[in-house]
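No value in this document is a laboratory result; all are computed from the given coordinates. What you are looking at is a predicted structure, and each value in this text was computed from that prediction instead of being measured. Cβ sites come from the backbone with ideal geometry, for glycine too, and all protein chains shown count toward neighbours.
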Amino acid sequence: MITTNALPAASGKGRLLTLRILSGLVALAFIGVGGGKLAGTAAMVELFDKVGLGQWFRYFTGLLEVAAGIGLLIPRYAFYPAVLLAIVMVGAIIAHVTVLGGSPAPAGVLFVLSGIIALVTKVLNITSKGPGKRQRAMITISVIVGSTRQGRFSEKPAQWILQHPPEARRNRSQVARPSRLSDALL
């Protein structure tokens, strides 16, 4: 019997829904702020004048934020825009601390949220097409080794095979078994 100290995981649908809502809110924030940079609002023009890299950098940053914000809304590719936005927010934090002054808290919050989206997306293996490696292995093993009782396949053999190393499986198969029916009856 296998025991763990880990807390039970939330349901898969609940985690995905939470991730989608978080991604949507962060995407809206980045699309809004990036759109303001692209539109040339007075506050953004003044902010990028203080940075001193020129207005081309405002357009570049705005384009990155809008494009990555839209990318967050595509679940299969959300990992890459989240990483990009986290990198952009590191630059924003550095700019606030060194040149602009003021609080880097909004950039810090968006950095943390982008990092959470990237991490959770990678952990849930949403970036791949279909199930992850472990799920594909279980499906394959279940089909090969599975029970065909009542037309259903059992996942127990697949789970046992994945949890036990090959040595343990070999040792289990080397149990002395009678080679003939007459030996078994004696």
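Projected label points at Val109 and Ala42, each 7 Å from Cα along the beta carbon direction, are separated by 2.5 nanometres. With neighbours defined as other Cβ atoms within 10 Å of a residue's Cβ, the residues Lys37, Lys122, Lys50 order from fewest to most as Lys50, Lys122, Lys37.
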